[in-house]
Structure formats: C-alpha cells, structure tokens
Amino acid sequence: RTLRRGMVVLVAVPLSLVGAALGLYLGGYSFSFMAFLGVISLAGMVIKNGVVWIEFVERARGEGRAREEAVVEAGIARLRPILLTAAAAILGMIPIAPTVFWGPMAFAIMGGLFVATILTLIVLPALYVIFFRIQERAPASN
C-alpha cells in the first residue's frame, strides 16, 4: 500500500544475485538461459519472504505495538518459517543440480536462496528501520 514498504522488499532482491553468481561459480556453470530462469524464480522467492516479514510487522503494528518492537518480534517469529521454506527449496534442487539442462537453474536457486535468506533476515529489518526512520527509545529515568 505504500511505496516505502515495496521498496524495502525490492531492495532485498539484488542480494540474491550475489548468491546466484556464487552458486553458478561453485557449480562450474556459466550464466545461461536456464540460470536466468533460476534467477527470476529466485527473485519471486525473495519477494515472498520479504512480503511475509513486512506483513507480520504491519499486523503487529495494527495490534498496537511500537514499530521497533514489531520489527524485532517479526524477526523472531518469522525466522523459522523463512528458514524452513528456504531449506526445502534448496534441498529440493539437489536432485536436478548435477544434470546438464537443469543444473544452472538449480545452482542459481540454491546459491541465491541461501545467501538471500541469510541477508534478508539481517538486511530487511535494517532497511525497514532506515526507510521508516525508527529511532531507538531513550531509557526511562527514575
């Protein structure tokens, strides 16, 4: 609904390109059409993870929590689901990784999703804090 929320999610997508390139390098593949398809599907997975995380933050905000509290709570609550879906996708690519046709796509997805998941769990909350200018609250003095 807002441009800032969308930008936070979209800024996380290029993070996956680093992992995709690393995955292709480790697999011994060059960037091909199948690798391109892998990168496109990878972008969809990263966007889904970002949307799930942002939605949790916004739901917590709707329940009356402070924005910084909602960011921390979302990071804790969405950690396991995001890691499990990423692990399932990565492990699901292993059987097709050694094939000549599907290999580049599999390695692009595996490497990209591994790196993007870790970076998304760290960078996405940081970007949210930056984009929404969240200030740390000063401790109450007695």
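The values are calculated or read from the model by the stated rules, or taken from the named source; none is laboratory data. As the structure is a computational prediction, the values presented were derived from the model and not from experiment. Cβ sites come from the backbone with ideal geometry, for glycine too, and all protein chains shown count toward neighbours. When the accessible area is computed, the model is the full protein with side chains, heavy atoms only, and any ligands, DNA or RNA have been set aside. Shrake-Rupley method; radii C 1.70, N 1.55, O 1.52, S 1.80 Å.
Of all the Cα-Cα pairs you can form in the chain, what percent are over 25 Å apart? Taking all Cα-Cα pairs of the chain, the fraction more than 25 Å apart is 34 percent.
Two tests apply to each whole DSSP H helix in the chain, Cα reach of 20 Å or more along its axis and mean Kyte-Doolittle hydropathy of at least 1.6, and the ones passing both are 3-27, 103-131.
Tally Lys and Arg at +1 and Asp and Glu at -1 over the other residues with C-beta under 14 Å from the C-beta of E73: what net charge comes out? The answer is +1.
Summing charges over all other residues whose Cβ lies under 15 Å from the Cβ of A116, with Lys and Arg as +1 and Asp and Glu as -1, gives +2. Charge dipole of the chain (Cα centre as origin; +1 on each Lys and Arg Cβ, -1 on each Asp and Glu Cβ, all else neutral): 300 debye, rounded to the nearest 20. The portion of the accessible surface of region 21-101 made up by carbon and sulfur, rounded to a whole percent, is 72 (1.4 Å probe; DNA, RNA and ligands excluded). Remark: relative contact order (the chain) = 43 percent; criterion is Cα-Cα distance under 8 angstrom and separation of 6 or more residues. Taking the inverse of the mean reciprocal distance over all distinct Cα pairs, the Kirkwood hydrodynamic radius of region 11-51 comes to 10.5 Å.
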